[in-house]
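Asks: Got a structure for you, questions after.
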Amino acid sequence: MSSETILVVDDDDAFRNRLVRAFQDRGHPAAAAGSAEEALQVAKQLDPKRAVIDLRLPNKSGLEIVADLVAAVPGIHCIMLTGYGSIATATEAIRLGAVDYLTKPADADQILAAFERQVAGAAIKEPAQITEAPSLERVEWEHIQRVLSDTGGNVSQAARVLGIHRRSLQRKLARRPPHR
């Protein structure tokens, strides 16, 4: 892979900076953006050829940013990165122009490998090529995590939103996440 700039778009400062530093340590120039507006501004200045975009950002979805970057920077290769993976968002990301979709925690090596697969022509091209659906337990766990995140980590409020008893939710949260 050539040493073209990689744009990292994530609202988590620590994760974003760590990922940028990891790319730079591996010899890839990288730039950071914490919002959609900043991402487009950096993209116009640097003309990056690769971007790693978090799905959940303040004020704008990562899906929208993928579409904006693909329109603004011809030939850019975007990878969607999220802690809330689902088949629906993966297919939408691919439809909007992303070349791959990875779930957190993904490290720099996994992301670079995904870019390499794309360069080699092995990246996901169509939604029909997604081969493995997550288990129902995994889908439930991801939904609980999403609701918990949306409620700011408030277990009681999350339990009310989910329609289950707080103690039941606490038991579910105490378990390890199910395998894919």
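Asks: Would the range 2-19 turn up any residue that is β-branched (Val, Ile, Thr) and out of contact with any strand residue (DSSP E or B) (no Cβ under 7 Å at 6 or more places or on another chain)? Walk me through how you get there before you give the answer.
Replies: To start, the set of residues in the range 2-19 that are β-branched (Val, Ile, Thr) comprises 5-6, 8-9.
Imposing the further condition that a residue be out of contact with any strand residue (DSSP E or B) (no Cβ under 7 Å at 6 or more places or on another chain) reduces the set to none.
No, the range 2-19 has no match at all.
Asks: Do we find that Ala114 is on the phi < 0 side of the Ramachandran plot, modelled with pLDDT of 85 or more and surrounded by 14 or more Cβ atoms within 10 Å (Cβ to Cβ) in this structure?
Replies: no
Asks: Here is a further query. Mind listing whichever residues of the range 21-39 are over 15 Å from the mean Cα position of the chain (by Cα) and of a type outside the set (Asp, Glu)?
Replies: Passing the criteria: Arg21, Ala22, Phe23, Gln24, Arg26, Gly27, His28, Pro29, Ala30, Ala31.
Asks: Hey, which of the strands (runs of 3 or more DSSP E) in the range 16-82, taking only ones fully inside, have at least 3 residues that are surrounded by 22 or more Cβ atoms within 10 Å (Cβ to Cβ) and either free of Cβ contacts under 8 Å to residues at least 60 places away in the same chain or not acidic (Asp, Glu) (or both)? Walk me through how you get there before you give the answer.
Replies: Numbers: elements: 30-33, 50-54, 77-82.
Ranges flagged: 50-54, 77-82.
Asks: For the structure I just gave you, tell me whether Ser149 is in a helix (DSSP H, G or I), modelled with pLDDT under 85, of a type in the set (Ser, Thr, Tyr) and surrounded by fewer than 15 Cβ atoms within 10 Å (Cβ to Cβ).
Replies: The answer is yes for Ser149.
Asks: Quick check on the range 89-100. Is at least one of its residues in contact with a Gly (Cβ under 8 Å, 6 or more places away or on another chain), not in a loop (DSSP other than H, G, I, E, B) and not aliphatic (A, V, I, L, M)?
Replies: No: zero hits.
Asks: Does any residue in the range 133-153 that is free of Cβ contacts under 8 Å to residues at least 40 places away in the same chain come within less than 9 Å, Cβ to Cβ, of a residue that is loosely packed, with under 14 Cβ neighbours inside 10 Å and part of a loop (DSSP other than H, G, I, E, B) six or more places away or on a different chain, and which pairs are these?
Replies: What qualifies is Trp141/Arg175; Trp141/Pro177; Leu148/Asn154.
Asks: With over 18 Å from Asn17 (Cα atoms), in contact with a helix residue (DSSP H, G or I) (Cβ under 7 Å, 6 or more places away or on another chain), assigned by TED's automatic domain parsing to the domain that holds Gln24 and modelled with pLDDT of 85 or more as the only criterion, which of Asp47, Asp100, Asp68, Asp54 stands out?
Replies: Of Asp47, Asp100, Asp68, Asp54, the one residue that is over 18 Å from Asn17 (Cα atoms), in contact with a helix residue (DSSP H, G or I) (Cβ under 7 Å, 6 or more places away or on another chain), assigned by TED's automatic domain parsing to the domain that holds Gln24 and modelled with pLDDT of 85 or more is Asp68.
Asks: Are any residues in the range 71-97 touching a helix residue (DSSP H, G or I) at 6+ places or on another chain (Cβ under 9 Å) and of a type in the set (A, V, I, L, M), and if so, which ones?
Replies: Within the range 71-97, Ala72, Val73, Ile76, Ile79, Met80, Leu81, Ile87, Ala90, Ala93, Ile94, Leu96 qualify.
The values are calculated or read from the model by the stated rules, or taken from the named source; none is laboratory data. The shown structure was predicted, so the numbers you read here are calculated from the model rather than taken from an experiment. Please note: Cβ atoms are built from the backbone with ideal geometry, for glycine as well, and neighbour counts cover all protein chains shown.
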